[in-house]
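Participant: What follows is a structure written as structure tokens; I'll ask about it next.
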Amino acid sequence: MSSSKVSMMLLMLSLASSSYLLMATSSAGDFFRDIDVTFGDQRAKIIDGGQLLTLSLDKISGSGFKSKNEYLFGRIDMQIKLVPGNAAGTVTTYYLSSEGLTHDEIDFEFLGNSTGNPYTVHTNVFSQGKGGREQQFHLWFDPTKAFHTYSILWNTHRIIFFVDNIPIRVFDNLESIGVPFPKKQPMRIYSSLWNADDWATQGGLVKTDWAQAPFTASYRNLKANACLAGSSSSSSCVSTTAEDKSWQNQALDAAGRKRLRWVQKKFMVYNYCSDRKRFPQGFPLECKRSRF
Ligand SMILES: *[C@@H]1O[C@H](CO)[C@@H](O)[C@H](O)[C@H]1NC(C)=O
């Protein structure tokens, strides 16, 4: 073989292997590739070759991370195993947020509890800096025993919160009646584990037991089927998994609505839309429109 043929073959081999690598890494979540630690130093750990991430909290600090990418609409799925045992006073957050004073935000927060008492899943939606749209739930399983999937679907029509693919909350785009909807500001994925024993557990009555520290929550399989908001190029939609664009028009079908009603009837513990004391002058506009 001539030397030019050999170098040609080597070139093709290396091209083939690098494109193989590209496919392999983009098919599964890799925390090394996808996130940056935001605080807590070594309390945030990426292990198992990027497949697993743990956050921990001790008396000195909690920890957190954010996605490298910014997204404008998407479906984000994350598997989380929450702090086990006596997790009173701890809060694990998982949310999408843009930056600035009039930011948009879509929140999951998991409020820990004393052993044997249920976690509270707190949800909220901010648009253009205004939140105050809390709904809270208990779960139908123990979220500390195994990983469960928590998802945020955000398209131009609605936001849906899912737990293990069961819808727990829908926030519709009601711009037509004057309710601002997040649709212009790109958001990053954030997560953190921190101490909030001044308010989190049973209204701040139950404090963090530091003898149990460090507290640890685990994450895996972050999937972003989402539109990248690149600063240079125009938005483009990517998937970290097999091509899946169904989220872009996703709504609840009859079965989904039935499951949502089941969750809201059995597991909802707070809904701002039924808190009359808080809104003596009348409920926010979206409360009148959304049945859920
Ligand atoms: C903790 O458990 C109590 C008692 O079951 C419950 O009322 C509360 O909602 C739970 N969650 C938090 C965060 O306090």
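The values are calculated or read from the model by the stated rules, or taken from the named source; none is laboratory data. As the structure is a prediction and not an experimental result, all values here were calculated from the model. Don't worry about glycine lacking a Cβ; one is built from the backbone with ideal geometry, like all the others, and counts go over all protein chains shown. The accessibility values were calculated without ligands, DNA or RNA, using every heavy atom of the protein model including side chains. Shrake-Rupley method; radii C 1.70, N 1.55, O 1.52, S 1.80 Å.
Participant: Regarding the stretch 193-203, can at least one residue be identified that is assigned to a helix (DSSP H, G or I), of a type outside the set (Ser, Thr, Tyr) and at positive phi?
Facilitator: Yes: the stretch 193-203 contains one or more residues that are assigned to a helix (DSSP H, G or I), of a type outside the set (Ser, Thr, Tyr) and at positive phi.
Participant: Thr156 - would you say it is under 17 Å from the mean Cα position of the chain (by Cα), away from the ligand (no atom under 16 Å from the Cβ), open to solvent by 30 Å² or more (accessible area, probe 1.4 Å) and of a type in the set (Ser, Thr, Tyr)?
Facilitator: So Thr156 fails the test.
Participant: Applying the selection to the stretch 163-180, what residues are surrounded by 21 or more Cβ atoms within 10 Å (Cβ to Cβ) and either assigned to a loop (DSSP other than H, G, I, E, B) or under 11 Å from the mean Cα position of the chain (by Cα) (or both)?
Facilitator: Residue satisfying the conditions is Val163 alone.
Participant: OK, next. Return the residue satisfying two criteria in turn: it lies in the stretch 79-100 and is within 13 Å of the ligand (Cβ to nearest atom) and part of a loop (DSSP other than H, G, I, E, B), and of such residues it is surrounded by the most Cβ atoms within 10 Å (Cβ to Cβ).
Facilitator: Among them, the one singled out is Ala87.
Participant: Among all residue pairs at least 6 apart or on different chains, which show Cβ distances below 6 Å where the first residue, located in the stretch 113-132, is farther than 19 Å from Ile152 by Cβ and the second is within 16 Å of the ligand (Cβ to nearest atom) and of a type in the set (Asp, Glu)?
Facilitator: Cβ pairs passing all conditions: none.
Participant: Now, a different point. Look at Arg188 and say whether it is in a helix (DSSP H, G or I), more than 16 Å from the ligand (Cβ to nearest atom), of a type in the set (D, E, K, R) and modelled with pLDDT of 95 or more.
Facilitator: No.
Participant: Please specify each residue of the stretch 120-134 satisfying the condition of being open to solvent by 30 Å² or more (accessible area, probe 1.4 Å), part of a strand (DSSP E or B) and within 15 Å of Tyr95 (Cβ to Cβ).
Facilitator: Listed by number, the list holds a single entry, Phe126.
Participant: Search the stretch 198-225 for residues being of a type in the set (Phe, Trp, Tyr) and open to solvent by 50 Å² or more (accessible area, probe 1.4 Å), and hand back the single one that is nearest to the ligand (Cβ to nearest atom).
Facilitator: Trp199
Participant: Identify, please: which residue in the stretch 101-119 is within 10 Å of the ligand (Cβ to nearest atom) and in a loop (DSSP other than H, G, I, E, B) and is, among those, surrounded by the fewest Cβ atoms within 10 Å (Cβ to Cβ)?
Facilitator: In this case the residue turns out to be Gly116.
Participant: Considering only the stretch 47-78, state which residues are open to solvent by 40 Å² or more (accessible area, probe 1.4 Å) and in contact with a Leu (Cβ under 8 Å, 6 or more places away or on another chain).
Facilitator: Ile47, Asn69, Glu70
Participant: How many residues, within the stretch 181-196, are open to solvent by 10 Å² or more (accessible area, probe 1.4 Å) and farther than 21 Å from Ala217 by Cβ?
Facilitator: 4
Participant: For the stretch 135-153: of the residues being hydroxyl-bearing (Ser, Thr, Tyr) and assigned to a strand (DSSP E or B), which is most open to solvent (accessible area, probe 1.4 Å)?
Facilitator: Thr149
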